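Engineer: Here you go, one structure.
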Amino acid sequence: MHWFESQLADLDRLAQEYTQAQQKQAGDIVNVSENTRLKRSQFIDAVQALVDKVIKIKGVGACAAYHDGLILAQAAQSPDIDAFGAVVQESIRAAQQGGSSLRLGDIQQIVIVGAINKLAMLSVGPIILCISCPKDINLASVLS
């Protein structure tokens, strides 16, 4: 498993822990709520840390994480960050609808290749991690 795959595996684990913390039923709501906040914070911090690492990789132009089209983490301020989120949300929605009718299962990744750049969207727990780079960059190679 290369570096990026291990980072995604860690995020998946943290997302599962957060989801489990949300679902726990207990009489002590204060401690349950504190545990849920802690797991959420750990997950969001890990997402931001990964975004910060990915943007430093030579060839990567932008990196951000979205939840339901809303920005959760970003590497640097971008003038088109909202447009980025809208494209992500619409692409995921279309892929989920098509994936359902084609029986693909849950969407794991989408790559849109344009004449100049490409955008990779990766499902990680409840978020979509987005990486933009020039179209001639091999993301699998640079992320390993």
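Engineer: Find all pairs meeting these conditions: Cβ atoms under 9 angstrom apart; at least six residues apart or on different chains; first residue within the range 71-95 and within 14 Å of I127 (Cβ to Cβ); second residue among the acidic types (D, E) and at pLDDT 80 or above.
Structural biologist: Here the result reads A73/D52, each pair linking the range 71-95 to a residue that is among the acidic types (D, E) and at pLDDT 80 or above.
Engineer: Follow-up. When you go through I131, I127 one by one, which is the residue that is of a type outside the set (S, T, N, Q) and modelled with pLDDT of 90 or more?
Structural biologist: Testing whether each residue is of a type outside the set (S, T, N, Q) and modelled with pLDDT of 90 or more leaves just I131.
Engineer: Something else: State whether the residues of the range 84-99 include one that is polar (S, T, N, Q), under 18 Å from A15 (Cα atoms) and touching a strand residue (DSSP E or B) at 6+ places or on another chain (Cβ under 8 Å).
Structural biologist: Taking every residue of the range 84-99 in turn, none turns out to be polar (S, T, N, Q), under 18 Å from A15 (Cα atoms) and touching a strand residue (DSSP E or B) at 6+ places or on another chain (Cβ under 8 Å).
Engineer: For the structure I just gave you, tell me whether L72 is modelled with pLDDT of 85 or more and touching a strand residue (DSSP E or B) at 6+ places or on another chain (Cβ under 8 Å).
Structural biologist: Taking the combined requirement at face value, the residue does not satisfy it.
The values are calculated or read from the model by the stated rules, or taken from the named source; none is laboratory data. Everything quoted here is computed from the prediction, not taken from an experiment. Note that each Cβ is placed from the backbone with ideal geometry, even for glycine, and that neighbours are counted across all protein chains shown.
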